[in-house]
Each structure stands twice: as structure tokens, then as C-alpha cells.
Amino acid sequence: MNDEDLATFAEQAGIASHWWDAFGQEHRVAPPTLRAVLASLGLPAWNESDLAESRARLHGPDGPGLPPLITAPVRQPLHLPAARGSWHLRREDGGVQEGTLGEDGALPGFDVPGYHQLELGGQQVTLAVAPERCWTPADANAARAWGLAVQLYSLRRAGDGGIGDFRALEEFAGSAARRGADTVAISPVHAQFSADPDRFSPYAPSSRIMLNAVHAAVNSDTPGGELIDWPGCTRKRLALLREHFAPSEPGFPEFRARLGEALERHARFEALHAHFFGADPGRWHWRSWPAEFHDPASPAVAAFAEQHAHEVAFHAWLQFRAAQGLQAAQDAARQGGMRIGLIADLAVGTDSGGSHSWSRQDETLIGLTIGAPPDLLARQGQNWGVVAFSPRGLRQHGFAAFLEMLRAALRHAGGVRIDHAMSLMRLWVIPEGAGATEGAYLRFPLEDLLRLTVLESWRHKAAILGEDLGTVPEGFQPKLQSAGIFGMRVLWFERNETGFKPPGHWTREAVAMTSTHDLPTVAGWWTGRDLEWRSKLGLVPDEPGEWGGRDRDRSALWRAFRESGAADGDPPRDPTPVIDAAVAHVASAACELMLLPAEDAVGSPEQPNLPGTLHEHPNWQRRLPDDADRILDRPDVAARLDRLAQIRPRA
């Protein structure tokens, strides 16, 4: 097989055989990368025979034929060129419609959104009819709403044992509601590895459909410090929760039955992981377990679960306790007057050794990790060390894993932020063991994923935010905007040829922010604290140029503040008036929603995460300086929030 045949087949399978970098240079994807990605998609092309079989498979019955689920926009005809004959539709509301496909294989437009059952040509498929756009804050009479963004682990309360929990979130949400906020956006609370508390990045979880049990509240006399000792705090909290474990606790049997197989598989995974990893540190990844335990539906797994029923029940109960706590926080937010409540954060992937990948192997890109190609900020590219869903696997399984994940994120929230939202359209995938530059872009079914997101948004009455920062594909942001998914407009990036954009010119269908967890805080940016960290760790390629550029940017930013009416006078050295001006400036943005990071509300110079670092910087470890129920009442914080509320008053 020649390289051109391989590249042609890769393109047909959704893999871009070439790409352009941030500097305008074109790159061809190497054949070994194309073969590795094809193999992960279940389309091996190691030789001519493989290629022929995979070509037949791609274009055969499990290729362009009718899949288990088809999406359609409301009131618009749906063209199915390969289909013929009569059709019968049983709507979700019980109604029935029938007809015959036209010459072009078109179904008529359907007026009722929902998941309907379509019989066509002897096949039964689900037809997901989506509304025109997502539910937005305006639909809750909350246009121009504002809220706070907080790293949940950073919250404090008396007796928390050194790490933030859902009870502290409940207190914080109630306090924010009293200040006039309509939402609190939180860091990911996905399940981690209880047997390995050294892994705690919220963006590299074990599962995106289960919760981090460490955030379940239980009182402890262990004092907390300025930085979180994740391993120590996790072990202590899980030990205390084990002491409280009550298999017959009211509501738990019903919860376990309601979550069904998804919960059981996660609980079994946790017990298995503790069993194998605890006995042999070399068996951390489920692929290193004995082969009979690789399949979650195997007799060996069932036998293990029966033999260790108490331990499996404990891990299921942890999910029950965590879900109770998160729901209590959402209830406190809504009962306090918030019109949105919590906004959950959905990580872009999971650790390949986690319960989600183990449970959903057919829908996961086994053998690949995801990241980003070289760009202006990371010239060597990025490998995030996590895996994502397989676009082919999603189609073949009726998008079940995607819907399961989205519904889990919205179960206890009024909205969700989709991390690296470009994953709805494409992902940079890297063969395991390869460098970040040795990847390729893999195409995803954008229209299907957008329609399903829109449909779930309305069913949950939940706002959808999409992180559209970084290398954004051409035409992607208009697609988000037309779907009613709010992009992110961050102060540092809102620039034009003359300086910083006036806030009145920011995108209306978006969320305005001073910063994010991966970027400098206002105080940190103004004082150069981020440059100090990057210089110390060797992450700044041109130190004099970086500092000189920051001086020019400070002048430009202060000028923008004065022009927007957020500040006056000369630029100060003290960051405090800069923080106040930044909050006022961003609050006046045209965006329909504004989120103020808690770090900027309290004036912290330190950012939660420094991309490109692991242990060199205390990522995901910093705590806020006061208890959750009173931190927003501190005079400086209260003054900022009061001014914000005056600029963005409730309708």
C-alpha cells in the first residue's frame, strides 16, 4: 500500500492527513500516525489486506447505513439518501406519524422535539429532534446575569479536614445568592481514583459520569493549610466516610437501583483497582490486570463483585453521599434566588486507566491520547495524557456514552461548561508513546453532537457554555453561537489592532470573564507574578521581551479601563484598584452572562493552574483565604460584588 492510498482512506475515516500550524506552515501526518489512529477507530491498515477489510467495514453495514440514532433539527426535512419506502414514527409524547419517503429520501420536518422511535425499511432507530438552540439565561429571565467561578476544592469551612467539600459549596452558593449572583460555576467534580490519591487533577479523572467522593462532606479535626495535601486529606476523608458507611441508609437502595449498571461498573472498578493496584503498584492500569478482568461484563468481574459485595456497596454509597451533597448545594443556590444555580464543568477526557474507559471501551479511543499541536503558547505542542470518545464508536452505539456523560453533568446543575469545546468538531489525537507533535486531527460529528446538546439543554432547562479558547477551527464559533452555546470572552484575549476591545463590542452570546483557572489572575498579571513563575521554571523563551511586552500591555489595559469608565487617573502600582477596574470593565461587557473567578473577587495574585507544569507549581492546591460562608462579606470583596451588581442589575 502506498502512502497516498493510506492518506485517502484516513481522510474518508475522518482523519486529516495534513494540518497547518499557528505559524501558517503546512504539515503532512506521518503514515505511522495515520495507521495508529485508524487502528484505534477499529479500522486497521497495517497492510493491504487490512486496508481492504477496513475499507469494506467503513462503507459496509456499520458504515453509512442507518445508525442506531439519527439527529434532526426541529421542523426541517431530514435527508436519508440510502433509505427508501414507508416510515412510522412513535413520538416520545405518544403521538404517531406515518408517511413515505420522497424521491430524495427525505423525512418531513417534525414539530415536537424529543427522542422518537422511527421504523424505516425494517429498521428501528431513535430519531432525536432538537430545538433550534439551547436554553439560555434569557429563557430564565436572567439576561445579563452574573455569577462567580470557584475551584470547589479551594473552599473552606470549619471541620473540613483540609479540602473543600459540597457542604462548603452549599454555604458559598447561599452567600453568593444573597449578594445577587445568579450562578456559581464550579471546577470539575468527576470521580478520581480512591486507591491512588496522588492523582487529583480535576481534568484527568477516572470517570466523567460519577462524582469525586472526596468532596462528600464529613467533619474532621485535621487542620488545613494554605495548600491542600491531597494524598493525606483524601486518605483521612475516605477513612472517615468508611466509618459512616450505612448500606441500609434511607434512599441508598433506591439511588443504587436508579443509577443501575453505570454505578455498579464504577463501584466494581474502584474495588478492583484497590485490589490489584494495592497488591502490585505495577498494576495501576486496568489493561495490566489479568485478562479476564478487562471486560466489565465478564464472569470473573461478576464473581469478584459477589465475593467483595461489601466493598462494592461502599463505593456505590460514596456516590450516593456525594450526589446528596452536590444536590444540596444546587438547592441552596436556587432557594437563595439564583435563576441558574450551579454550572458544572465537563472535562475534555478521562484517564485511560480509569473506570469510564474500562466501562466504555467500544466508545473510547483506546491507544490514543489527546492534546494540542504546537502553537504560540506551547511550541512543542501539548499532550494532556487523557483519552476521549471515539467518533465512530459513538455513532455505532447511538451516542449513548455522550448522552450518559452530558446527563450526569446536568443532574445536579443549572448549566455545564464544556472544556475544550472544539472537541465537538475535532481533536488532536496522539498515539500512545509518541510526542505531542506526532499527532493528527480527528473529525467528530459536530452537527449530531450539537443537536444532542441542544436537546438535553432544553430537557434540563440548563445553560451550555463552551470553552472556545486556543486554536479554534474556522467557522466553529458561529456554529456554537447559532446553537445557543455561549463561548468564553476573557479579558486578556479581547484585543484588536489598537489594544484591548471596548467591552461593549464583546460577543453578546457569550460569557465574559476576567480570567480562567489556566490564566493569570488580575493581580498576578498586573504585578507579573505569572512571569515570575514562568521565568523560575524556564517556561519563558524571551524574558526581557516578555517583561517589556507586559509593560506595554499594562498601559493599554489601563487606557481601556479609562475609556470604558471603569477607572481614571494614571496606572497604579498597587494591583487593588486594577482588580476593581477589571471587575467593572468586564461587568459592562455586552455578553449575556458574566463570571468572576473567586481568585479575582478576593484579589489573589496566584492562579489555580500553570499549564505545562505538574509538580513544579502547586496546581489545584491553593485554598481561598476565608470560610465559604463569610468570604464574600469581606469589605473589599463585598465592595467589588456590589459594584458588579450595580452594573449588571437584575431585570
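I need to check one value: relative contact order of the chain, counting alpha carbon pairs closer than 8 Å and at least 6 residues apart, in percent. Please report the intermediate quantities before stating the final value.
On the way: 1286 pairs, mean separation 109.7, N = 651.
It comes to 17 percent, rounded to a whole number.
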Practice item. Normalise the Debye intensity by I(0) for region 341-403, one equal point scatterer per Cα, no solvent, then take log10 at q = 0.13, 0.18 Å⁻¹ and round to two decimals. Key: -0.43, -0.72
Study note, to complete from the structure: The rounded separation in angstrom of the Cα centers of region 423-496 and region 8-25 is 18 Å
Exercise for review: Go ahead and run the numbers for FRET between Arg287 and Arg459, Cβ-Cβ distance against an R0 of 41 Å, rounding to 0.05.
Suggested key: 0.70
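Quick one: plug the Kirkwood hydrodynamic radius of region 404-560 (C-alpha pairs) into Stokes-Einstein at 25 °C, 0.890 mPa s, and report D in µm²/s. It would help to have the intermediate numbers written out before the result.
Details: Rh = 18.1 Å.
Value of D from the Cα-based Kirkwood radius: 135 µm²/s.
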Check your understanding: Just how far, in whole angstrom, is region 99-132 from region 275-305 if you go by their alpha carbon centroids?
Key -> 43 Å
Study note, to complete from the structure: So, with points 7 Å from each Cα along the Cβ direction, the Lys501-Ala56 label distance in nm works out to 5.3 nm
Check your understanding: What order do you get for 500-512, 474-486, 105-117, 355-367 when each peptide is scored by the mean count of other beta carbon atoms within 10 Å, highest first?
Key -> 355-367, 500-512, 474-486, 105-117
Check your understanding: Rounded, prolate or oblate: which fits region 156-304 when a ≥ b ≥ c are the square roots of the eigenvalues of the alpha-carbon gyration tensor, with rounded for a/c under 1.5 and prolate only if a/b beats b/c?
Key -> prolate
Point to revise | Per-residue HN-Hα couplings for region 32-37 [Karplus 6.51, -1.76, 1.60; θ = phi - 60°; Hz; x = Gly/Pro] | key: x, 5, 4, 5, 5, 5
Exercise for review: List the lysines whose Cα lies under 28 Å from the Cα of Lys461, skipping any in the same chain that are fewer than 8 positions away.
Suggested key: Lys479
**Study point:** Spatially proximal lysines relative to Lys501 (Cα-Cα < 19 Å; intrachain offsets below 8 disregarded)
**Key:** none
Exercise for review: In whole angstrom, note down how far apart the Cα centers of region 340-409 and region 519-534 are.
Suggested key: 30 Å
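About its Cα centre, how strong a charge dipole does the chain have in debye, to the nearest 20, once Lys and Arg get +1 and Asp and Glu get -1 at the Cβ? Walk me through the intermediate numbers first.
Details: 64 positive and 83 negative charges, 266 e Å.
Result for the chain is approximately 1280 debye, rounded to the nearest 20.
Based on the Cα atoms of region 1-123, what semi-axes does the equivalent ellipsoid have, where each is the square root of 5 times one gyration tensor eigenvalue, given in whole Å with the largest first?
38, 18, 12
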Check your understanding: For Lys536, which aspartates and glutamates qualify as cross-link partners when the Cα separation must be under 18 Å and same-chain residues fewer than eight apart are set aside?
Key -> Asp518, Glu546, Glu606, Glu616
Point to revise | Label-point separation, Ser298 to Gln12 (7 Å along Cα→Cβ), nm | key: 3.5 nm
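I'd like the per residue volume of the convex hull spanned by the Cα atoms of region 75-130, given in cubic angstrom. Could you put the intermediate results ahead of the total?
Numbers: hull volume 3.9 nm³, N = 56.
Hull volume over Cα atoms, normalised by residue count, gives 69 Å³.
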**Study point:** Cβ-placed point charges (K, R +1; D, E -1), dipole of region 75-130 about Cα centre in debye, nearest 20
**Key:** 60 debye
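For every helix of n ≥ 4 consecutive DSSP H residues, a contribution of -39,500 (n - 2.57) applies; sum these over the chain, divide by its total residues, and give [θ] at 222 nm rounded to the nearest 500 deg cm²/dmol. Please list the in-between numbers first.
Details: 19 runs with 235 residues, N = 651.
It comes out at -11500 deg cm²/dmol, rounded to the nearest 500.
With the convex hull built on the Cα atoms of region 386-444, state its orientation-averaged projected area in nm².
Values: hull surface 18.9 nm².
Average projection, Cα convex hull of region 386-444: 4.7 nm².
Checking the a/c ratio against 1.5 first, then a/b against b/c, what shape does the Cα gyration tensor give for the chain? Can you show the working numbers first?
On the way: a/c = 1.41, a/b = 1.25, b/c = 1.12.
Since a/c stays below 1.5, the shape of the chain is classed as rounded.
With an 8 Å cut-off on Cα pairs and a minimum separation of 6 or more residues, tell me the relative contact order of region 75-130 in percent. Could you put the intermediate results ahead of the total?
Values: 109 pairs, mean separation 21.3, N = 56.
Taking the mean separation of contacting Cα pairs over the length of region 75-130, I get 38 percent.
Laboratory data are not the source of any read-out in this text; all were calculated from the coordinates shown. Everything numeric here is computed off the predicted structure, so don't read it as measured data. Note: ideal-geometry Cβ built from the backbone for every residue, glycine included; neighbour counts use all protein chains shown.
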